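Each remark here refers to the structure printed beneath this line.
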Amino acid sequence: MNKNNPSCIRIGDKILCPHCASNRILKGGKTINHKQRYNCKECKKRFIINYTYNACKSQINQQIILLTKEGLGIRSTARVLQISATTLLKRIISIASHIAQPPIAKGRTYEVDEMRTYIGKKSRLRWIVYALDRESRAVVDFNVGRRTNRTLNRVIISLELSQAVTVYTDKLQNYRYLIAKTIHNTHLHSTNHIERHNLSLRTHLKRLNRKTICFSRSMVVLIAVLRIYFWC
């Protein structure tokens, strides 16, 4: 304890740092709104207990993830959480940037499918291509882009590197040029699992519904929302 600085007083075990959960907390002056500020001696970060703006609260990220996966749009989520829509967009991108893609197991069976959406206006069509593990029903990789072989190939390469046993797709001609014949399968009803997952995806994410006034204005936000939905 610094005896020459009366503003730095040890609090004890009553207050924990929201960043590292340490109890080595010191008082560190007050804010412009006369709220007590605290300093953490472990992570060297400052915080206060009762924030005026909801976006600064510690549980806001979990609430954003929950509402995003439940299908609320940007403005709906902003109204529910009582935060700015601009702040919400920045927070969604920040959350998605810290979500790591899960490792792809070797020697598994996958289903690959694509679904159409648009960015900004209906003339700017985009493809959402993703691969579903047939056993665990988990999404192992996805890509968003134009309706080209390059967009499809990014997902296909990931499956080939994981030494996939079989890759089931529909009868889209593009797959015939991208997937090796030894592992490619287009039998009838072979993509039932991923087609059902497409229905869940369109139901849970309002921006992907077929008849809706909600749509993505930015590719970055769309990819961030998909990362949260698939891997969080």
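Descriptive notes on the structure:
- Residue list for the stretch 167-215, restricted to those being more than 30 Å from Glu70 (Cβ to Cβ), part of a helix (DSSP H, G or I) and charged (D, E, K, R): Arg176
Here is a yes/no grid of residues against (1) surrounded by fewer than 18 Cβ atoms within 10 Å (Cβ to Cβ); (2) in the same structural domain as Leu178 (by TED's automatic domain parsing):
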residue: Ile64; (1), (2): no, no
residue: Ile74; (1), (2): no, no
residue: Arg79; (1), (2): yes, no
residue: Ser84; (1), (2): yes, no
residue: Pro102; (1), (2): yes, no
residue: Ala131; (1), (2): no, yes
residue: Arg134; (1), (2): no, yes
residue: Val139; (1), (2): no, yes
residue: Arg146; (1), (2): yes, yes
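- Summed over the stretch 126-170, the residues that are farther than 15 Å from Asp113 by Cβ and among the β-branched types (Val, Ile, Thr) give a count of 3.
- Candidate set from the stretch 114-129 (those that are out of contact with any strand residue (DSSP E or B) (no Cβ under 7 Å at 6 or more places or on another chain) and not polar (S, T, N, Q)); member that is surrounded by the most Cβ atoms within 10 Å (Cβ to Cβ): Gly120
Residue-by-condition table, conditions (1) buried (at least 18 other Cβ atoms within 10 Å of the Cβ); (2) modelled with pLDDT of 90 or more; (3) touching a helix residue (DSSP H, G or I) at 6+ places or on another chain (Cβ under 9 Å):
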position	(1), (2), (3)
Ala180	no, yes, yes
Thr203	no, yes, no
Thr212	no, no, yes
Ser216	yes, yes, yes
Tyr229	yes, yes, yes
Cys232	no, yes, yes
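- Among (1) at negative phi; (2) over 17 Å from the mean Cα position of the chain (by Cα) - the single one Phe142 does not satisfy: (2)
- Filter result for Ile95 (surrounded by 14 or more Cβ atoms within 10 Å (Cβ to Cβ) and assigned to a loop (DSSP other than H, G, I, E, B)): no
The values are calculated or read from the model by the stated rules, or taken from the named source; none is laboratory data. Only a predicted model underlies this, so the values are computations on that prediction, with no experimental measurement involved. Positions of Cβ are generated from backbone atoms using ideal geometry, with glycine treated the same way; all protein chains shown enter the neighbour counts.
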